[in-house]
Amino acid sequence: MALLDMTALELGREIASGKAGVKEALDEVFGRIDEKEEEYNCYITLDKEGAYKQAEEVQKKIDAGELKSPLAGVPVAIKDNMCTVGLRTTCASKILGNFVPGYGSTAVERLENAGAVIIGKTNMDEFAMGSTTETSAFGVTKNPADPTRVPGGSSGGSAAAVAAGECFYALGSDTGGSIRQPASYCGVVGIKPTYGTVSRYGLVAYGSSLDQIGPLAKDVSDAACALELIAGYDEKDSTSVKREDTAFTGALREDVSDIRIGIPKDYFGEGLDPQVAEAVRAAASALEKAGAKVEEFDLSLVGYAIPTYYTIADAEASSNLERFDGVKYGYRTGDFDDMHDMYKKTRSEGFGAEVKRRIMLGSFVLSSGYYDAYYLKALKVKALIKRSFDEAFKKYDVILGPVAPSTAPKLGESLSDPMKMYLGDIYTISANLAGLPGISLPCGRDGSGMPIGLQLMGDCFNEAAIIRTAYTWEKIRGSF
Amino acid sequence: MAREYETVIGLEVHVELATKTKIFCGCSTKFGGEVNTHTCPVCTGMPGSLPVLNKQVVECAIAVGLATNCEITRYGKFDRKNYFYPDNPQNYQISQLYLPICRNGYVEIETENGSKKVGIHEIHMEEDAGKLIHDEWGQVSLVDYNRSGVPLIEIVSEPDMRSAEEVIAYLEKLRMFIQYLGASDCKLQEGSMRADVNLSVRPVGSTEFGTRTEMKNLNSFTSITHAIESERERQIDIIEAGGSVVQETRRFDDSKGESYAMRSKEDAQDYRYFPDPDLVPLKVSEEWIEKIRSAQPEFRDAKVKRYKEEYAIPEYDIGIITASKRMADIFEEASAICGQPKKVSNWLMVETLRLLKEKSMDPEDIVYSPAHLAKLIELVDKKVINSSVAKEVFEQMFADDTDPEEYVNSHGLKQETDSGAIEAICRQVIEENPKSVEDFRAGKDKAIGFLVGQTMKAAKGKADPGTVNEILRKLLGG
C-alpha cells in the first residue's frame with residue numbers, strides 16, 4: 001500500500017517497525033501538497049523546514065526506542081487558532097497576520113511529546129466564526145470531493161487536508177460544530193470531546209465556555225487515538241477536567257449489542273435534505289441489525305438551540321476579541337490621530353465582516369439594560385437544554401442524527417445569507433451547549449457524490465459509547 | 001441663618017495584596033523589577049492564554065472579610081469588566097460584580113464622639129492594571145505590565161461616615177486589620193492602599209441622600225481630609241447658590257487643595273459585565289473558612305486589652321505599640337526574652353519613634369530583631385555599656401539589625417568596670433577642677449554633675465555615670 005493511502009495508525013506501525021521512515025512519510029505528504037495545495041488551499045502556513053527538522057529528531061528517538069506512541073513520526077496539521085511556538089498563528093485574520101507566539105498550546109505540545117511532526121497550520125473561518133472557511137482572510141479552502149464546493153467550517157482547512165491526503169490527521173476546534181460539520185462535508189471523521197477533556201490553553205478563544213479541541217482523521221481508530229494523545233487535565237486551564245477514562249482506543253470494538261440509540265424526531269423535520277435523512281436512517285437501521293436498540297424520541301427545545309448558541313458564543317467572543325487592539329501584537333493601522341482612533345481603525349481594518357457582526361451582536365446582548373433579557377436568558381435556556389439531554393441519556397447511550405441539513409454547498413452560496421448559515425448549525429450546537437461529546441463520520445454520498453455525515457452524541461464523559469458505535473458502523477459500512 | 005449640612009461619606013478602598021504571585025498566573029508581584037520582566041502570556045493578555053486563580057488571594061480576601069464581620073460567599077464567581085485602555089492587556093479586567101467574596105460586614109470605629117459601626121457593603125477580588133509611561137518628548141506612550149495581574153481587594157463601605165475624622169478612623173481600622181493579617185502593607189503613598197471617597201451633603205435631619213461625587217487620587221490621610229473638607233464646601237456652595245450637584249468623578253489635586261471633574265455619570269462607560277467563562281465558579285467550604293478563621297492573628301483591640309492585663313506599661317504606650325503589628329511583635333518577643341517589658345516599651349516609644357520620624361519610615365519597616373533589642377537591654381542592665389553608648393549601638397541596630405554585642409566588642413565600647421581605674425580618673429578630674437570641688441564642698445550639690453561629666457569625658461564615655469558619681473562623692477566626702 002502506498003504510504004499516502006495509509007491511515008495514521010497504519011503509518012505509525014510502518015514507522016515503528018522500521019518499514020517506513022519519518023522523512024519518507026514527510027516526502028510523500030509534501031509531494032501531495034505540491035500537487036494539490038495550490039488548488040485546495042488547506043494551509044495558511046506550511047513549515048517544511050521545521051517539519052524536516054522535527055522529523056529528524058523524532059526518527060532518532062524512535063530508533064533509540066525512546067518514542068513508543070502509536071502516532072510517533074506521523075505528519076499532522078494544526079488548525080491555525082492553536083498557538084505553536086515560533087510558528088505563525090493567525091486565526092485566519094488580518095489582525096493576527098504577523099503573530100508568532102512564544103508559547104504553545106497544550107494540545108499541540110502533547111502531540112509533539114508523542115512524536116507528531118507538524119507540517120503546518122490549516123485554514124479556517126476567521127477566529128472560527130463561520131461554517132464554510134470562506135471568512136478566512138487567507139482565501140477560501142476548496143472541498144477535495146468537489147473543488148467548486150466549500151469544505152465546511154470553521155475547521156475546513158483541517159478537514160480538507162485530511163481528505164486530500166495533505167496530512168494524515170489534523171487538529172480542529174469545535175465551538176458549534178466546527179470539527180463535525182467540515183468532517184461531514186469532506187467525508188472524514190471528527191470528534192468533539194466532552195467540554196474540559198482537552199486543555200484550551202493556547203487555543204485562541206472564540207466562545208470560551210463552548211470551545212473544545214478535537215481530532216479530524218481518516219477513520220474512527222485514528223481519531224480515537226489522536227484524542228487519547230491530546231486529552232488530559234491541564235493546570236493551565238481552569239475548565240479542564242480531571243478524568244481517568246481517556247483511554248479512548250479501548251472503545252474500538254465492533255459491538256453495539258448493549259447500545260441504546262435514540263433518534264430525535266426533531267432532527268428530521270423541515271430543512272433536512274431527504275438524501276441526508278435517508279442515509280442517516282439507513283445507518284441507524286444497520287446498527288439496529290447489528291444488535292443496537294434503536295428508537296425515536298422527542299428531544300425538546302431544539303428550536304431554541306440556535307438563538308441560545310449565538311447569544312452566548314457572540315457575547316463571549318465580543319469580550320475575548322477585545323485584546324486585539326493594535327497595542328501589543330498583531331496588526332496596527334498605519335495612520336491614526338490618537339489612541340481611540342488607533343483602536344477604531346486597527347479593529348475596523350483588521351477584522352472581517354463576519355467577526356465584526358458577531359462582536360456587535362455579542363456587545364449588544366451584554367450591554368446594560370439588555371443583559372438580563374438576552375445573555376442571562378440564554379444561560380437559563382442552556383441549562384434547560386442540558387437538562388433535556390440529561391433526560392435523554394437516562395434512556396439512551398447514543399443520540400444519532402445528521403451532522404448538517406445538507407451536504408457541502410457551492411462556494412460563495414452561504415455568505416450572502418448569514419441567517420441561513422447560522423441555521424445550518426442546528427444539529428451540532430446542542431452538543432456544545434450541553435458540553436457533550438459528538439462524533440461525525442461518513443455515512444454515504446448524495447446524488448452529486450458529496451459525502452454525507454452521521455452524528456453520534458454521547459453523555460458527558462461517555463466518549464466510549466459513541467466511539468464504539470462509530471467504530472461498529474464503520475466496520476458495517478466497509479462491508480457493504 | 002444658613003442651613004446646617006450633614007456630610008455623607010462612603011469609601012471604596014483598594015488594597016494590593018502581598019501574595020508572592022499574581023492573581024491569575026505565577027508571575028512575581030515584587031516591586032521594582034525591570035520593566036515587563038514580571039510578565040507572562042497570561043498577564044500580558046496574549047491570545048490563547050488562560051487565567052488560573054491563585055487560592056492565596058481568596059484566603060487573604062476571606063481573612064479580611066472575617067476580620068470585618070462579613071458574610072463569606074460560598075459560591076462565588078469572577079466577572080469580566082470590559083473597557084479599552086492600554087494598561088489593561090485583555091481590555092477587560094477580571095473582577096467580581098455579581099457574587100463578591102464577602103458581603104454585609106462592619107467595622108467599629110472610635111472617635112471623640114464615641115464608638116460607631118461603619119457598614120461594609122462588600123469586598124471583592126480583582127486584578128490590577130499595568131502602568132503607562134508617557135514619553136514627554138516623543139509622541140508615544142509605553143506600558144509596563146509588571147503590575148498587571150497583581151491581586152487587589154476592593155472594600156466598599158456603606159455611606160455611613162459623616163466626617164473626615166470618621167473616615168480616617170475607618171481607614172486606620174481597616175489598615176490595622178489588614179496589616180495584622182499580613183495581607184498588605186497598606187501604604188497610601190505607594191499605592192498599596194487607595195481610597196476613593198464618595199461624598200454628598202444634605203440638610204441636617206434629611207433622610208434622603210444628596211447627589212454624590214466620587215473623588216480619586218488621594219495619596220495620604222491628609223489629602224483625604226483636605227479633599228473631604230473642600231468637596232463638602234464646594235457642594236454646599238452649589239446648593240446654597242440654588243444649583244444642584246452633578247454626579248461625577250473628580251480628581252483631587254493635593255498641591256492646589258482642590259478637585260476638578262474627570263467624567264460625569266453621562267459619559268460613564270457600559271462595562272458589559274458578565275461571568276468570566278475561563279474561570280470556574282469559586283466554591284468556599286465551611287472547612288476552608290474555619291481553617292482561615294483559626295489562623296487569624298490576635299487583632300489590635302484584643303491585644304490592647306491583654307497588654308493592659310499583662311504588662312505594666314502606660315495605656316498611651318500600649319496604644320502606640322499596638323498601632324503597628326511589627327512594633328507589637330517586637331514588643332512581645334523582646335519582652336519574653338529579657339523579661340523587662342517596661343524597658344522594651346521605652347526603646348520603642350523613645351528611640352524607635354524618634355528614628356522612624358527622622359527617617360520618615362513606617363513602623364512596619366523596622367528591621368531590627370526583637371532578640372537584638374533584648375540583648376541590648378541586657379547589656380545595659382549588666383552595665384556592660386551605659387545608656388548613652390546604648391543609644392549609639394541602637395542607631396546601628398536600627399539601621400541594619402547589627403548584633404549589639406558584636407558591635408560593642410568590635411568598637412571597644414565596653415564600659416570600664418575596674419573601679420581602681422575609674423577612681424584614678426576621678427582623682428585626676430578632682431585635681432584639675434579645684435573650683436568645682438570647692439563649690440561642692442561649699443554645699444553646691446550641682447557641682448558634682450559637672451565633675452561626673454568631666455570624668456565620663458575623660459573615660460571616653462565607657463564608665464557608668466552612677467558608679468562615677470559614687471566614687472567622686474566618696475573621694476570628696478572622705
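Just so it is clear, none of the values below were taken in a lab; they were calculated from the coordinates. In this text, all values refer to a predicted model and were calculated from it rather than measured experimentally. FYI the Cβ positions are ideal-geometry reconstructions off the backbone, even for glycines, and counts take in every protein chain you see.
Taking 0.36 nm per residue of sequence separation and subtracting the Cα-Cα distance, how much length would be gained by fully extending the chain between A:Y52 and A:K289, in nm to one decimal?
Details: separation 237, 0.36 × 237 = 85.32 nm, distance 4.76 nm.
Using 0.36 nm per residue and subtracting the Cα-Cα distance, I get 80.6 nm.
So for the pair B:E6, B:V280, with labels modelled 7 Å out along Cα→Cβ, what separation do we get in nm?
For the pair B:E6/B:V280, the computed spacing is 4.9 nm.
Starting from 0.36 nm per residue, how many nanometres of slack lie between B:E438 and B:K55 once their C-alpha separation is accounted for?
Details: separation 383, 0.36 × 383 = 137.88 nm, distance 7.82 nm.
Length gained between B:E438 and B:K55: 130.1 nm.
Which order do the peptides A:269-280, A:398-409, B:61-72 take when ranked by the mean count of other beta-carbon atoms within 10 Å per residue, highest first?
Details: A:269-280: 15.9, A:398-409: 24.9, B:61-72: 21.8.
Averaged packing, sorted descending, gives the order A:398-409, B:61-72, A:269-280.
In chain B, which cysteines lack any other cysteine Cβ under 4.7 Å from their own?
Cysteines lacking a close Cβ partner in chain B: B:C25, B:C27, B:C40, B:C43, B:C60, B:C186, B:C338, B:C426.
Taking 0.36 nm per residue of sequence separation and subtracting the Cα-Cα distance, how much length would be gained by fully extending the chain between B:V367 and B:S419, in nm to one decimal?
Numbers: separation 52, 0.36 × 52 = 18.72 nm, distance 3.73 nm.
Taking B:V367 through B:S419 to full extension adds about 15.0 nm, to one decimal.
Listing A:T239, A:T469 from the residue with the fewest other Cβ atoms within 10 Å to the one with the most, what is the order? Provide the component values of the computation, followed by the final result.
Working: A:T239 19, A:T469 28.
Fewest-to-most Cβ neighbours within 10 Å comes out as A:T239, A:T469.
Quantify how strongly other chains surround peptide B:248-258 by giving the mean number of their Cβ atoms within 10 Å of each of its Cβ atoms. Working shown, then result.
Details: counts 0, 0, 0, 0, 0, 0, 0, 0, 0, 0, 0.
If you average over the peptide's residues, the count of other-chain Cβ atoms is 0.
Report, in order of residue number, the helices in chain B meeting two criteria: a C-alpha extent of 24 Å or more along the helix axis, and a mean Kyte-Doolittle hydropathy of at least -1.0; treat each whole DSSP H run as one helix. Please list the in-between numbers first.
Details: long enough: B:164-181 (25 Å, 0.44); B:221-240 (28 Å, -0.46).
Answer set is B:164-181, B:221-240.
If we count other beta carbons within 10 Å of each Cβ, what is the order of A:L71, A:L87, B:L379, B:L373, fewest first?
Details: A:L71 26, A:L87 19, B:L379 22, B:L373 29.
Fewest-to-most ranking of A:L71, A:L87, B:L379, B:L373: A:L87, B:L379, A:L71, B:L373.
So how do A:L96, B:L282 line up by other beta-carbon neighbours within 10 Å, fewest first?
With the fewest neighbours first, A:L96, B:L282 line up as B:L282, A:L96.
Cross-link candidates for A:K293: which lysines have Cα within less than 30 Å, leaving aside residues fewer than 8 places away along the same chain?
A:K192, A:K218, A:K265, A:K382, A:K386, A:K394, A:K395, A:K475
Say the cut-off is 27 Å between C-alpha atoms; which of A:K236/B:K77; B:K305/B:K325; A:K48/A:K328; B:K382/B:K457 go over it? Numbers along the way, then the final one.
Values: A:K236/B:K77 18 Å; B:K305/B:K325 15 Å; A:K48/A:K328 29 Å; B:K382/B:K457 21 Å.
Checking Cα-Cα distances, A:K48/A:K328 exceed 27 Å.
Separation between the A:K265 and B:Q269 pseudo-spin-labels, each 7 Å from Cα along Cα→Cβ, expressed in nm?
Between A:K265 and B:Q269, the label points sit 5.2 nm apart.
Where a Cα-Cα gap under 14 Å defines reach, which aspartates and glutamates qualify for B:K359, not counting those fewer than 8 residues away within the same chain?
Here the aspartates and glutamates satisfying the reach criterion relative to B:K359 are B:E351, B:E395, B:D400.
Report the label-to-label distance for A:E66 and B:V304 in nanometres (one decimal), using points 7 Å from each Cα along the Cα→Cβ vector.
Here the answer is 6.7 nm between the modelled labels.
Of the peptides A:192-202, B:283-293, A:377-387, how do they stack up when ordered by the mean number of other Cβ atoms within 10 Å, highest first?
Ranked by mean Cβ neighbours within 10 Å, highest first: A:192-202, A:377-387, B:283-293.
Return a whole-number percent for the relative contact order of chain A, with Cα pairs under 8 Å and 6 or more residues apart as the contact set. Each step should come with its number before you reach the end.
Details: 1156 pairs, mean separation 82.6, N = 480.
Contact order relative to length: 17 percent.
Considering only DSSP beta bridges where both residues belong to chain A, give the percentage that are antiparallel (nearest 5).
Working: 30 of 45 bridges.
Taking every DSSP beta bridge with both residues in chain A, the antiparallel ones total about 65 percent.
Cut-off 14 Å, label point 7 angstrom out along Cα-to-Cβ of B:R251: give me the residues of region B:128-153 whose amide nitrogen falls inside.
B:132-134
If you count, for every residue in B:39-47, the Cβ atoms of partner chains within 10 Å of its Cβ, what is the mean?
Numbers: counts 0, 2, 7, 3, 0, 3, 7, 10, 21.
Going residue by residue through B:39-47 and averaging, the value is 6.
May I ask you to derive the FRET efficiency for A:E413 and B:A295 from their Cβ-Cβ distance with R0 = 60 Å, giving the value to the nearest 0.05? All intermediate terms of the calculation are to be shown ahead of the outcome.
On the way: r = 65 Å, r/R0 = 1.08.
E between A:E413 and B:A295, to the nearest 0.05, is 0.40.
Based on the Cβ-Cβ distance of A:R477 and B:D135, what FRET efficiency does E = 1/(1 + (r/R0)^6) give at R0 = 56 Å, to the nearest 0.05?
With R0 = 56 Å, the Cβ-Cβ based efficiency is 0.25.
Over chain B, calculate the relative contact order: mean separation of alpha carbon pairs under 8 Å at least 6 apart, over the residue count, as a percent. Write out the running numbers ahead of the final one.
Values: 846 pairs, mean separation 63.6, N = 478.
Reported as a whole number, the value is 13 percent.
Give me the lysines in straight-line cross-link reach of B:K444: C-alpha distance below 18 Å, same-chain residues under 8 apart excluded.
B:K435, B:K474
Kindly state, to the nearest 0.05, the FRET efficiency for A:Y370 paired with B:Y75, given R0 = 22 Å and r defined as their beta-carbon distance. Let's see the in-between values first.
Details: r = 25 Å, r/R0 = 1.15.
Efficiency, rounded to the nearest 0.05: 0.30.
Count, for each residue of B:49-60, the Cβ atoms from other chains sitting within 10 Å of its Cβ, then give me the mean as a whole number. Each step should come with its number before you reach the end.
Details: counts 9, 14, 3, 6, 1, 0, 0, 0, 0, 0, 0, 0.
Averaged over the peptide's residues, the number is 3.
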